[in-house]
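The values are calculated or read from the model by the stated rules, or taken from the named source; none is laboratory data. Quick caveat: nothing in here was measured; it's all calculated off a predicted structure. A quick note on method: Cβ atoms are made from the backbone with ideal geometry, for glycine too, and the neighbour counts reach across all protein chains shown. These area figures cover heavy atoms from the full protein model, side chains too; ligands, DNA and RNA do not enter into them. Shrake-Rupley method; radii C 1.70, N 1.55, O 1.52, S 1.80 Å.
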Amino acid sequence: MESKINTYADAIFHVKRNFMIIGLTGLTGSGCSTVSRILTSNQKPSLPGYNEIKQSCWTGKENAKRRHLRLKSIWHDFTWNPFVCIEVSKVIFALIVGWISENGMQKNITEYGSIINNVKDIIKSCDDRNKLIEFYTAQQLDKLDEKGKERLLESYKYCCNFFDEAFNNIVAIDKISFLQDCGDNIRMFGVPFPEDGSESNPKFLFTLPEAVSSVFKSYRLIDKSSFFVIDSFRNPFEVEYFKHRYSEFYLLSVGRDKESRIKSFSALTRDSINTIYNRENGMRIDGEKIAGNRKLTSLNIPECEKKADYYLFNQDDDSTDRPHIRYGLIRLLSLQRTPGCLAPELDERFMQLAMSVRQNSGCLSRKVGAVIVGKNGDIYGLGWNDVPRGQMPCSLRTGKELIKKKDEKIFSKYERSEEFLKHIKLVPSSDKPFCFKDHYQKAAKKTGKPNEFTRSLHAEENAFFQAVRRMHDLSGSILYTTDRTCNLCAKKAYQLGISRIVYIEDYTDDAVNQTLISGARDICNEKFVGIVGSAYFRLFAPLFPEKDLIEYNLPSN
């Protein structure tokens, strides 16, 4: 729907107000489908009342009610345009149907028996088989004219009509595994069912996001749609594809506690749930890490979540209309339409700082940032994971340099030992920086995860040290960290009197039940909700000062 341009302010905001892509990511059962239903509804979502939002959303906000009133006023004037949902699973299905229609009717694909038979039956009974093929074949064309995009969109919609029928009488885990396997194959080989002995090719990595992109471009041209929700992203490089191509793309990470997610799997066995969990977390079905090219082409939802612009948390309460989800979406849409119309919440301000300082880390595998904030809102300490002062981070050293120079100021006594040198000489990429922890484990033939032999201090530790050096009393303070605190840092947080920990990324260490909920007091441990990263500046920085907006919001002559 074309928005009206009555004022100069309308003209300036016109380009933002007429296009938006919201991508969703989250583990199965988190609530991505719920978010999609809200966005695609013809009815404008209602803003939850102030008292419907849990108090953690208003931490430290003495003007909370006035902020809520302001959002209410903005939302009242908001013109609602329903979003068009593009489901990645249905894009995969359309490619499957097209491939089988063109290439696979005579092929004996035994691995997915019942599903393949269902698809073949659909194709045989289809009135217009060409319509099933056109979406698949269109992906191999560099450019489509208007007629070509019209046929592509018709073919996509036509294929989607048979989605439910194809999985009739198929158990949920088989359906999920089938679509995941085909998606992985498309990223590696460009087709859902590669021939035996086929070699993967990097040029196919973005086949799926290009197919999704072709769908919404066709919607824009043919149906004049401008607002899209993509449900959902499961590969981090597909997120990057959209981030770098569309300035009005925003990725929403939908979180939910594990127990509630498992409850939503009422029809699945424990083994099936574990299978889904392992696949979505970038692991094989048996729980082992995926290696090689498949690490790049497989599902990895935690890595997708790291790239999110807005973090939502699906709160379980007595309400069925998900007020926290609606509140978060309304806030995002209001800020996208008119950047800077709302100020960041306190949690957003400090988490954005933690996200910024983590880039200082010299760690090769994981960058973590932490900020400690006192009860009065003052910043007591900043930290990122890095080696102790006076030592050289892994990112600035190479194995080749160790072999040739053995500089005692850059490499430790152990690294210069025969045991470690003998190992590092066998490493093919010795001219590149190396992760000491990984190579220590191999050189010393240690088993397990040698956390005590990492070179870096954790981000929280560095933040604690900075605060203590400044002689701050940390009792009642808040720790913001980009990764959930490990047990070692959780003990330090407890000892120093931290009252609340806010984090983004989950960590495998079970610090919560063991350390944070223990003894005479509990530390509140909360998943971050809000806006961070590049979206922080895109959404909170106004296009021009509000005073000017008021002045130029007069009818144009």
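Before moving on, here are some points about what is shown:
- Counting only DSSP beta bridges with both residues in the chain, the antiparallel share comes to about 35 percent.
- Cα gyration tensor shape of the stretch 286-445, rounded if a/c is under 1.5, else prolate or oblate by comparing a/b with b/c: prolate
- Placing unit charges on the Cβ atoms of the charged side chains and taking the dipole of the stretch 15-141 about its Cα centre, the candidate lying farthest along the positive direction among Ile92, Asn108, Ile53 is Ile53.
- Calculated P(r) tail over 19 Å for the stretch 28-160, as whole % of Cα pairs: 67
- Cross-link partners of Lys4 among lysines, defined as those whose alpha carbon lies under 24 angstrom from its own and excluding same-chain residues fewer than eight positions apart: Lys16, Lys44, Lys72, Lys217, Lys224, Lys547.
- Members of Lys367/Lys445; Lys258/Lys367; Lys306/Lys367; Lys307/Lys527 lying beyond 23 Å, as alpha-carbon distances in this model show: Lys367/Lys445; Lys258/Lys367
- Rolling a 1.4 angstrom probe over the protein heavy atoms with all chains in place gives the stretch 71-157 an accessible area of 52 Å² per residue.
- Residue (of Leu69, Val229, Tyr136) at the positive-pole extreme of the chain, dipole from beta-carbon charges: Leu69
- Straight-line cross-link reach from Lys157 at under 20 Å between alpha-carbon atoms covers these aspartates and glutamates, not counting any fewer than eight positions away in the same chain: Glu87, Glu102, Asp121, Asp127, Asp128, Glu134, Asp145, Glu146, Glu165, Glu210, Asp223, Asp231.
- Carbon/sulfur fraction of accessible area - the stretch 320-405, other protein chains in place, 1.4 Å, %: 52
- Across the stretch 1-138, Cα pairs under 8 Å and at least six residues apart give a relative contact order of 21 percent.
- Computed magnitude of the charge dipole of the stretch 186-261 (debye, nearest 20; Cβ of K, R +1, Cβ of D, E -1): 320
- The distance from the alpha carbon centre of the stretch 332-402 to that of the stretch 134-148 is 43 Å, rounded to a whole number.
- For Lys425, a cut-off of 20 angstrom between C-alpha atoms picks up these aspartates and glutamates, skipping any fewer than 8 places away in its own chain: Glu401, Asp407, Glu408, Glu415, Asp438.
- Measuring spread by the Cα atoms of the stretch 241-330 yields a radius of gyration and Dmax of 15.8, 45 Å.
- Only protein heavy atoms count here; on that basis, with a 1.4 Å probe, Asp438 has an accessible area of about 70 Å².
- Ordering Thr485, Leu426, Met471 by the projection of their Cα atoms onto the charge dipole of the stretch 358-486, which places +1 on the Cβ of Lys and Arg and -1 on the Cβ of Asp and Glu, puts Leu426 at the extreme positive end.
- Rg(Cα) / (2.2 N^0.38 Å) computed for the stretch 202-298, rounded to two decimals: 1.32
- With all protein chains in place and ligands, DNA and RNA left out, the 1.4 Å accessible area ranks Leu152, Leu353 as Leu353, Leu152, largest first.
- With R₀ set to 56 Å, the beta-carbon distance separating Ala291 from Glu551 gives a calculated FRET efficiency near 0.40.
- Dipole size of the chain about its Cα centre, with +1 on Lys/Arg Cβ and -1 on Asp/Glu Cβ: approximately 1620 debye, rounded to the nearest 20.
- Rounded to the nearest 20 debye, the dipole size of the stretch 402-557 about its Cα centre is 980 debye, using +1 on the Cβ of Lys and Arg and -1 on the Cβ of Asp and Glu.
- Straightening the chain between Leu396 and Ile222 buys 57.4 nm, computed as 0.36 nm per residue apart minus the Cα-Cα spacing.
- Taking all protein chains together and rolling a 1.4 Å probe, Val387 ends up with roughly 20 Å² accessible.
- The heavy atoms of Trp75 present about 10 square angstrom of accessible area, all protein chains included, probe 1.4 Å.
- Potential lengthening between Asp506 and Met283 on full extension [0.36 nm per residue; Cα-Cα distance subtracted]: 78.7 nm
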